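Report on the structure given below.
The values are calculated or read from the model by the stated rules, or taken from the named source; none is laboratory data. What you are looking at is a predicted structure, and each value in this text was computed from that prediction instead of being measured. Reconstructed Cβ throughout: ideal geometry from the backbone, glycine too, with neighbour counts over all protein chains shown. Just so you know, the surface numbers come from the protein's heavy atoms only, side chains and all, with ligands and any DNA or RNA stripped out. Shrake-Rupley method; radii C 1.70, N 1.55, O 1.52, S 1.80 Å.
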Amino acid sequence: MLKIGCHLSSSKGFLHMGKEAISIGANTFQFFTRNPRGSKAKAIDERDVHAYLAYAKEHGIGTIVAHAPYTLNACSADPHVREFAQETMADDLRRMEYLPGNVYNFHPGSHVGQGIEQGISWIVKTLNEILTPEQNTTVLLETMAGKGSEVGSRFEELAEIIERVELKEKIGVCLDTCHVYDAGYDIVGDLDGVLREFDQVIGLERLRAVHVNDSKNPAGSHKDRHERIGEGYIGFETLQRIVHHPQLSHLPFCLETPNELDG
Ligand code: FE
Ligand code: FE
Ligand code: ZN
């Protein structure tokens with residue numbers, strides 16, 4: 001069965017998100033581990049987590065996707081900013097152990113003029129500091145649109161990060177349809193070609209989640225502006241082919257479109 005859901009607000013806890021997901025016919029969801037702007041996380045409410053786990057089991061909610069605050073920058077030129085990203089991610093991973101077996105997605109970051117190679121080195125360093133052999137969470141690098149100095153808009157950049165991480169078995173990739181399209185991968189004209197390239201460069205076995213978004217801009221625009229499903233340049237048909245694609249259909253799919261829950 002397809003695992004499909006959307007991004008939900010985590011402010012009312014896990015059980016609430018589980019119920020919201022089920023209420024819209026979803027069987028997965030994504031949530032921010034804390035305020036997306038990166039403030040302090042609320043303490044884990046163990047009763048809520050246990051109630052959620054029982055509810056998820058009963059209702060067949062599959063792998064869920066935690067998203068790190070998008071303001072973190074693990075490859076900033078400023079050591080304090082890098083340190084903050086590392087500490088926040090390490091703390092998130094400790095908290096994720098309450099929900100073992102799920103995935104934690106983050107934006108690799110922006111190198112802000114230091115160059116892609118230096119950016120990659122900082123990201124690798126961060127991952128090698130925070131990943132532990134004991135953890136039960138897979139950390140996902142999100143494919144980026146290549147806006148500004150973002151690292152991770154080329155599959156080769158993600159492959160190099162993975163190559164240099166020691167605990168590779170803890171690392172995967174989350175493919176964002178808007179981002180790869182904006183980065184210049186033609187998923188509309190040649191979806192199979194893009195998947196073949198992903199497989200050759202990164203390995204499709206590393207792909208662990210998909211963000212299903214349409215794009216307000218044409219391929220290669222490097223803009224990262226999500227559009228409602230079917231209302232953008234990617235279009236409904238391609239997005240439908242993606243969620244039903246035999247090489248992808250086992251993955252959790254999360255919509256991040258600007259819609260209210262009933263949308
Ligand atoms: Fe994201
Ligand atoms: Fe995304
Ligand atoms: Zn985006």
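Kirkwood Rh and Cα-based Rg: tell me the resulting Rg over Rh for the chain, rounded to two decimals.
Values: Rg = 17.3 Å, Rh = 18.4 Å.
Expressed as Rg/Rh, it is 0.94.
Ordered by residue, what ³J(HN,Hα) values in Hz, to whole numbers, does the stretch 27-33 give under the Karplus form 6.51 cos²θ - 1.76 cosθ + 1.60, where θ = phi - 60° and Gly and Pro are x?
9, 7, 6, 10, 8, 7, 5
Can you sort R154, R95 by 1.4 Å-probe accessible area, starting with the largest? Before the final figure, lay out the partial values.
Details: R154 90, R95 45 Å².
Final ranking, largest accessible area leading: R154, R95.
Considering only protein heavy atoms and a probe of 1.4 Å, how much of the accessible area of the chain is carbon and sulfur, as a whole percent? Present the calculation step by step, with values, prior to reporting the outcome.
Numbers: 5810 of 11790 Å².
Its accessible area is 49 percent carbon and sulfur atoms.
K147 to E58: FRET efficiency via 1/(1 + (r/R0)^6), r the Cβ-Cβ distance, R0 30 Å, to the nearest 0.05?
0.15
Leaving out ligands, DNA and RNA but keeping every protein chain, what accessible area does R94 have, in Å² rounded to the nearest 10, with a 1.4 Å probe?
Number for this one is 150 Å².
Given a 1.4 angstrom probe, what's the average accessible area per residue across the stretch 93-226, in square angstrom? Spell out each step's value before the answer.
Values: 5020 Å² over 134 residues.
The answer is 37 Å² per residue.
With a cut-off of 8 Å between alpha carbons and a minimum separation of six or more residues, what is the relative contact order of the chain in percent?
Relative contact order for the chain comes out at 17 percent.
Could you check the simple spin-label distance between T71 and E169, using points 7 Å along Cα→Cβ, in nm with one decimal?
Each label point lies 7 Å from its Cα, and together they span 3.7 nm.
Let me have the relative contact order for the stretch 108-216, percent, based on Cα pairs under 8 Å that are six or more residues apart. Let's see the in-between values first.
Working: 161 pairs, mean separation 30.2, N = 109.
The normalised contact order for the stretch 108-216 reaches 28 percent.
If I model a spin label as a point 7 Å beyond the Cα along the Cα-Cβ vector, how far apart are those points for E97 and N35 in nm?
If labels sit at E97 and N35, their model points lie 2.7 nm apart.
Can you give the calculated 222 nm mean residue ellipticity of the chain, where each DSSP H run of n ≥ 4 adds -39,500 (n - 2.57) and the sum is split over every residue, rounded to the nearest 500 deg cm²/dmol?
Numbers: 8 runs with 93 residues, N = 263.
So the calculated ellipticity at 222 nm is -11000 deg cm²/dmol.
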